[in-house]
1. To the nearest 10 degrees, how steeply does helix 3-33 sit against the main Cα axis of the chain, on a 0 to 90 scale?
2. Based on the alpha carbon coordinates of the stretch 23-63, what radius of gyration and maximum Cα-Cα distance (Dmax) apply, in Å?
3. Extending each Cα 7 Å along its Cβ direction at I50 and A9, get the distance between those two points in nm, one decimal.
4. Taking the 0 to 90 degree range and rounding to the nearest ten, how far is the long axis of helix 39-62 tilted relative to the main principal axis of the chain, both from C-alpha atoms?
5. Under 22 Å Cα to Cα from K43, which lysines show up? Leave out anything in the same chain fewer than 8 places away.
6. Restricting to DSSP loop positions (anything but H, G, I, E, B) with no more than 11 other Cβ atoms inside 10 Å of their own Cβ, which GluC sites (Glu not before Pro) remain in the chain?
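No lab work stands behind these numbers, since they all come straight from the coordinates. Quantities reported herein were computed from a predicted structural model and do not represent experimental measurements. We place every Cβ from the backbone using ideal geometry, glycine too, and count neighbours over all the protein chains shown.
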Amino acid sequence: MTAQDKELAQLHDNIVEDVKSLVDKYMSIVGWDVPENNEESAKSKILYIIKDAIEEIEESSID
């Protein structure tokens, strides 16, 4: 295991918590702005946007 692998392993839980916080942040915003908010649908759409952003980042790092 490289030093980079060890560092990323230590950061794993922080990264997961950051992503969860990001989802919670946008769930709150949608909940405030949309009175008839469907939480399940909103979470699904937010996760789709995050996954799309990750794909864009992956693709841009390949270039």
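1. Roughly 10 degrees between the two axes.
2. 13.0, 42
3. 2.5 nm
4. 30 degrees
5. Within reach: K20, K25, K51.
6. Working: sites: E7, E17, E36, E39, E40, E55, E56, E58, E59; in loops: E36.
Answer in residue order: E36.
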